[in-house]
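Working notes for the structure below.
The values are calculated or read from the model by the stated rules, or taken from the named source; none is laboratory data. Only a predicted model underlies this, so the values are computations on that prediction, with no experimental measurement involved. Positions of Cβ are backbone-derived with ideal geometry, glycine not excepted, and every protein chain shown enters the neighbour counts. Heads up: the accessible areas ignore ligands, DNA and RNA and are worked out on the full protein's heavy atoms, side chains in. Shrake-Rupley method; radii C 1.70, N 1.55, O 1.52, S 1.80 Å.
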Amino acid sequence: MRTTRTQVGIIGAGPAGLLLSHILHLQGIESVVLERHSRDDVEAIIKAGVLEQGTIDLMNEIGAGERMMKEGFRHEGIILRFDGRDERIDFPSLTGGKSVMIYAQHDVIKDLIKVRLDSGGDIRFEAKDVSVYDLDTAQPKIRYRDKSGVVEEITCDFIAGCDGTQGICRPSIPAGALKVHERLYPFGWFGILCKAPPSSDELIYAMHERGFVLVSTRSPDIQRMYFQCSPTEKVENWSDDRIWAEFRARLATQDGWVPQEGPIFSKTVIGMRSLVVEPMRYGRLFLAGDSAHVVPPTGAKGLNLAATDAQILARALTAYFKSNRSDLLYQYSETALRRIWKATRFSWWMTSMLHTFPGTDEFQNRLQLSELNYVTSSRAGAMALAENYVGLPIE
Ligand code: APR
Ligand code: PHB
């Protein structure tokens, strides 16, 4: 067995792990990133696509924002569609000039891997059988098998568990040391990618009695759309014609709006849940991103929460290595969780306001419509949505 050491061992080359590794590098702190998939695979997985103002700023500050600024689409508002009409929420005028960027998560990943490798970063793809131990000692360790089958043990000062919902870090923490808060939603999203021009200049969040619809985009030629479905819905049951008929029905407006249709080349059903793990630390293992929390996609918060966790953890580790201060490490979980719970509340609220719940009644429907009317007619209501959507500050 080969043995090596590093300051911070990072498991997972998603947004959380890659951002953490690069921010630490810029502070002169070394890390090793272990990723179970190949580089091609992590660069290809299609996930979220909305970057908050703070995530845009972070990408630029760390030198990874060039392509995003060229190819991403700045969106200064969203459309809420209900009662067959559109109401717009304007971000800059409600948030002191902030907006969001539509830029796919796999493009963020590509850009981060490139800057990390160009600056000498150590990312080990196709790392198998990753395990962590001695977590409650001063020398936590990671063991894994590399591409050629050689087993290596890395002794670290700290380990960052950035390995998403299916990772090994959270399950390595002894039962009883963590509290898990979970809420399952009684519906899912049926997501499609299609080859068509954009149907709208801005994202449309549509509430309809047949269920919620989101009209999003990926590029001038590729569109991303979702409709609310049963969590157990099967993609085989949905021909392209049936999908477009459903979108047309749910997106209909009084003035006859129709979506731009085109060949559908991807159909997936995603479940919806909220999950928060407390605390986000055990000994010298720190959890960041999806390994510690999951939000439903309605508020587009998953990727952005991973980015803020990475920033908060990097700041705490930097204070430790450069100024010999442990206080920020002790506060990491509490600081990160305050913001995570706010995003959990926001994504739960957006989900509840816009979706049709099984067994719902007219009273509930009127309340949801009334909430949409309030949010779009009161400056205070619109501001509450806008400031959460563009991202709350890190405390
Ligand atoms: N060993 C090594 N790597 C692992 C392991 C393991 N045992 N388990 C998981 N990984 C890797 C995954 O292959 C993935 O590349 O960890 C990475 C985790 O990345 P993400 O799932 O993207 O999680 P995170 O960085 O927290 O970003 C959260 O991703 O899923 C979206 O909606 C979510 O946008 C949010 C963002
Ligand atoms: C997406 O484009 O995938 C997307 C956009 C906004 C959301 C969720 C998903 O709220």
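Annotation note: of ARG345, ARG338, ARG325, the sole residue that is open to solvent by 20 Å² or more (accessible area, probe 1.4 Å), within 26 Å of GLY49 (Cα to Cα) and free of Cβ contacts under 8 Å to residues at least 40 places away in the same chain is ARG345.
The one condition from (1) of a type outside the set (S, T, N, Q); (2) open to solvent by 20 Å² or more (accessible area, probe 1.4 Å); (3) not assigned by TED's automatic domain parsing to the domain that holds LYS70 that PHE91 does not meet is (2).
Evaluate the following for ALA245: is it out of contact with any Ser or Thr (no Cβ under 9 Å at 6 or more places or on another chain), in contact (Cβ under 8 Å) with a residue 12 or more places away in the chain, more than 19 Å from THR298 (Cα to Cα) and of a type outside the set (Phe, Trp, Tyr)? Taking the combined requirement at face value, the residue does not satisfy it. Please go through segment 172-185 and pick out each residue that is under 22 Å from the mean Cα position of the chain (by Cα) and exposed (fewer than 12 other Cβ atoms within 10 Å of the Cβ). If the condition is that a residue be under 22 Å from the mean Cα position of the chain (by Cα) and exposed (fewer than 12 other Cβ atoms within 10 Å of the Cβ), then LYS179, VAL180, GLU182 are the ones that fit.
Considering segment 44-70, the residues that are part of a helix (DSSP H, G or I) and touching a residue at least 60 places away in the same chain (Cβ under 8 Å) include one that is nearest to ligand 1 (Cβ to nearest atom), namely THR55. Can you tell me which residues in segment 145-164 are exposed (fewer than 14 other Cβ atoms within 10 Å of the Cβ) and of a type outside the set (A, V, I, L, M, F, W, C)? Selection gives LYS147, SER148, GLY149. Exactly one residue out of LEU328, LEU337 is hydrophobic (A, V, I, L, M, F, W, C), assigned to a helix (DSSP H, G or I) and more than 19 Å from GLY164 (Cα to Cα): that is LEU328. Against the conditions (1) surrounded by 16 or more Cβ atoms within 10 Å (Cβ to Cβ); (2) of a type in the set (A, V, I, L, M, F, W, C); (3) assigned to a loop (DSSP other than H, G, I, E, B), ALA138 satisfies every one except (1).
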